[in-house]
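Input: a single structure, listed below in structure tokens.
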Amino acid sequence: MSTPEYPLAGKRVLIMSPRFFGYENAIADAARALGAHTIVVLDKPSNTIWTKAATRVFPSAVASRMMEYVRSMQDRYGYQGFDEIIVIKGEALTAGAVHLLRESFPNARCIYYNWDSLRNYPHLREILPQFDACFSFDPEDCASTKGLKHLPLFYVDEYRDLPAELVQYELFAVASLHSDRYEVTRKVMQACPADARALTYFFFPSLVALMGKKFLEPNLVIPPLREINWRPMSKDAMLQGLARSRAVIDIQHPNQTGLTMRTIEMIGARRKLITTNALVKSYDFYDKNNIAVVDRVSPVIPSDFLSTDYVAVRQDIRKKYSIHAWLAVLLGLQPLGVYRNGGG
């Protein structure tokens with residue numbers, strides 16, 4: 001039986017999500033903290049680079065495999081069913097697969113969330129009408145798509161609890177490679193004072209995957225191979241580095257208008273941000289003392305930005321971007337907030 005402290009007690013929640021630096025498990029843990037029995041599965045038939053590439057270029061080629069994948073979930077979990085199904089991104093889903101998912105678990109409320117842009121996966125537009133509620137981090141997608149509501153990303157508890165330590169680095173740039181991220185990051189670093197110390201770490205899962213990415217995205221800027229790390233930085237190492245850093249560099253994909261996970265994490269971590277996403281100025285947490293918006297081509301950093309202290313964000317605003325508030329909105333446990341000045 002549910003209680004105010006455990007509103008999901010006795011409920012079964014299925015989370016279908018890409019593997020994305022462990023965030024899918026953090027979401028599951030947040031649901032468990034509310035009392036739910038939670039299961040996490042992949043949002044596609046497999047996690048190979050070939051499946052990912054086929055989904056991006058020829059989504060119909062994976063359609064039959066996706067149907068089989070949903071049937072396997074019905075065979076495995078159908079006897080118990082679910083009360084809530086949260087699909088995140090769902091890049092391999094088709095209208096037929098969503099229909100089968102709903103038939104397989106008819107009592108479940110189905111919620112969709114996209115932390116990518118529909119411009120990168122336009123075939124996903126056809127699945128949205130089959131969900132009970134749809135959300136996206138991308139405000140432009142929401143403005144142009146009926147029924148798609150704007151819900152920014154979140155920060156997890158480790159960022160909320162990040163200690164204040166002696167500054168060892170002025171700049172922190174730890175990120176996976178995409179588009180022109182490497183090139184723009186280097187330009188931002190060159191625009192900072194010459195004595196600014198930087199912690200940098202560029203990641204991609206494998207050389208083969210990188211070559212495939214270059215084939216799909218010819219404009220991808222690949223750094224010298226000696227600067228690429230083939231394993232992600234551990235969470236502990238990343239948090240330790242961030243705790244000793246003053247400002248984080250954030251270069252969003254040029255096809256996205258939604259705020260990156262890194263941007264939202266800085267609300268939790270109370271660290272400064274240098275970003276190429278000008279839309280951040282429209283959000284309720286924006287403060288020019290904390291956030292420097294720069295041009296991708298010719299970035300300019302305010303002269304005092306790295307020498308002044310972070311200005312605390314109001315606590316009610318800060319809490320609104322936590323993983324707990326984000327999940328509560330998805331599950332209908334609290335109303336959708338207003339995140340941008342002027343609404344939305």
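One table, with the values for the structure above:
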read-out	value
Residue that is modelled with the lowest pLDDT, among those in the stretch 1-19 that are touching a strand residue (DSSP E or B) at 6+ places or on another chain (Cβ under 9 Å) and surrounded by fewer than 14 Cβ atoms within 10 Å (Cβ to Cβ)	19
Condition check for residue 93: more than 22 Å from the chain's Cα centre (by Cα) and either part of a helix (DSSP H, G or I) or assigned by the TED database to the domain that holds residue 129 (or both)	no
Any hit, the stretch 47-67, residues being touching a strand residue (DSSP E or B) at 6+ places or on another chain (Cβ under 8 Å) and part of a helix (DSSP H, G or I)	no
Whichever residue in the stretch 56-82 is without any contact (Cβ under 8 Å) to a residue 40 or more places away in the chain and β-branched (Val, Ile, Thr) and, among such residues, is nearest to residue 104 (Cα to Cα)	70
Test result for residue 39, under 14 Å from residue 87 (Cβ atoms) and surrounded by fewer than 19 Cβ atoms within 10 Å (Cβ to Cβ)	yes
Failed condition for residue 129, given (1) more than 22 Å from the chain's Cα centre (by Cα); (2) more than 30 Å from residue 98 (Cβ to Cβ)	(2)
Conditions (1) in the same structural domain as residue 116 (by the TED database); (2) closer than 24 Å to residue 135 by Cβ: number failed by residue 2	(1)
Criterion: in a helix (DSSP H, G or I) and of a type outside the set (Val, Ile, Thr) - qualifying residue of 102, 119	102
Selection from the stretch 257-276 of residues that are in a loop (DSSP other than H, G, I, E, B), buried (at least 21 other Cβ atoms within 10 Å of the Cβ) and within 16 Å of the chain's Cα centre (by Cα)	258, 259, 260
All positions within the stretch 215-231 that are surrounded by fewer than 11 Cβ atoms within 10 Å (Cβ to Cβ) and within 16 Å of residue 183 (Cα to Cα)	218, 219, 224, 225, 226
Subset of the stretch 42-64 that is among the charged types (D, E, K, R) and more than 19 Å from residue 102 (Cβ to Cβ) - its residue that is surrounded by the fewest Cβ atoms within 10 Å (Cβ to Cβ)	56
Pairs, first touching a residue at least 24 places away in the same chain (Cβ under 8 Å) and over 30 Å from residue 178 (Cβ atoms) in the stretch 99-118, second charged (D, E, K, R) and assigned to a helix (DSSP H, G or I), C-beta under 8 Å, six or more apart	100/71; 104/71; 108/102
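The rows are residues; the columns are (1) of a type in the set (S, T, N, Q); (2) outside any strand (DSSP E or B); (3) surrounded by 20 or more Cβ atoms within 10 Å (Cβ to Cβ); (4) at pLDDT below 95.
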site	(1), (2), (3), (4)
292	no, no, yes, no
300	no, yes, no, no
303	yes, yes, no, yes
312	no, yes, no, no
317	no, yes, no, no
328	no, yes, no, no
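One line per residue, one yes/no per condition, for (1) under 19 Å from residue 153 (Cα atoms); (2) in contact with a Gly (Cβ under 6 Å, 6 or more places away or on another chain); (3) among the hydroxyl-bearing types (Ser, Thr, Tyr):
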{"residue": "213", "(1), (2), (3)": "no, no, no"}
{"residue": "219", "(1), (2), (3)": "no, no, no"}
{"residue": "233", "(1), (2), (3)": "no, no, no"}
{"residue": "245", "(1), (2), (3)": "no, no, yes"}
{"residue": "248", "(1), (2), (3)": "yes, no, no"}
{"residue": "251", "(1), (2), (3)": "yes, no, no"}
{"residue": "263", "(1), (2), (3)": "yes, no, yes"}
{"residue": "266", "(1), (2), (3)": "yes, no, no"}
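Let's see how each residue does on (1) part of a strand (DSSP E or B); (2) polar (S, T, N, Q):
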residue: 167; (1), (2): no, no
residue: 171; (1), (2): yes, no
residue: 178; (1), (2): no, no
residue: 187; (1), (2): no, no
residue: 190; (1), (2): no, yes
residue: 193; (1), (2): no, no
residue: 196; (1), (2): no, no
residue: 200; (1), (2): yes, yes
residue: 211; (1), (2): no, no
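Quick grid of which residues meet (1) outside the structural domain of residue 269 (by the TED database); (2) of a type outside the set (Gly, Ala, Ser); (3) in contact with an Asp or Glu (Cβ under 8 Å, 6 or more places away or on another chain); (4) in contact (Cβ under 8 Å) with a residue 40 or more places away in the chain:
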| site | (1), (2), (3), (4) |
| --- | --- |
| 309 | no, yes, no, no |
| 334 | yes, yes, no, no |
| 338 | yes, yes, yes, yes |
| 344 | yes, no, no, yes |
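The values are calculated or read from the model by the stated rules, or taken from the named source; none is laboratory data. Treat the numbers as computed from the prediction; the structure is a model and nothing was measured. Glycine also receives a Cβ, built like all others from the backbone with ideal geometry; neighbour counts cover every protein chain displayed.
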